[in-house]
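Enquirer: This is the structure, below, for whatever I ask next.
The values are calculated or read from the model by the stated rules, or taken from the named source; none is laboratory data. All values reported here derive from a predicted model rather than from experimental measurement. When we count neighbours, we look across all protein chains shown, and the Cβ atoms used for this are built from the backbone with ideal geometry, even at glycine.
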Amino acid sequence: MTESTKFCIKCGEKLSTDTLFCPKCGSKQPVVSQEVDGDTATTSNTQKNDNQVKTTATQPTRKKVGAFLSWGWVATVISLFIPFVGIAGFVLGVLTIQRKHTGAGVCLLVFSILFFYLGITGFGTGFMNAL
């Protein structure tokens, strides 16, 4: 490897030292700086530190979102038979959206409103009488 090349940290593509993003995979590359004597190059650890911060910051959020979704769906289904439990599904859907999981949160909101309406109109009672 010459002094003007480096390799992508994700896919291994050969890059020039001034490349910030890999053209093949798009991952951000660490900055390579030349020392004064010119015979050694050092790599900045900012990329590793950024990845470590992102990993540790998102783990608790994912667990919370999973719990919000699980309990939200349980409350939503129960709202067919006990309508006011659907309010909990609605609130948990909003909390899911606030944690940047918009698709799952909106889906939970729509179904919690729908099941709340069906619960109020007597769907659960009619369903149980049909059995």
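Enquirer: Out of curiosity, is residue 106 surrounded by 13 or more Cβ atoms within 10 Å (Cβ to Cβ), in a helix (DSSP H, G or I) and at pLDDT 90 or above?
Expert: Against the criterion (surrounded by 13 or more Cβ atoms within 10 Å (Cβ to Cβ), in a helix (DSSP H, G or I) and at pLDDT 90 or above), residue 106 qualifies.
Enquirer: Can you find, within region 114-131, the residue that is nearest to residue 85 (Cα to Cα) among those that are of a type in the set (Gly, Ala, Ser) and assigned to a helix (DSSP H, G or I)?
Expert: Within region 114-131, the match that is nearest to residue 85 (Cα to Cα) is 119.
Enquirer: Looking at (1) modelled with pLDDT under 90; (2) assigned to a helix (DSSP H, G or I), find the lone condition where residue 111 falls short.
Expert: In the conditions (1) modelled with pLDDT under 90; (2) assigned to a helix (DSSP H, G or I), residue 111 misses (1) alone.
Enquirer: Something else: For region 92-106, name all the residues that are in contact with a Gly (Cβ under 9 Å, 6 or more places away or on another chain) and free of Cβ contacts under 8 Å to residues at least 12 places away in the same chain.
Expert: Listed by number, the list holds a single entry, 98.
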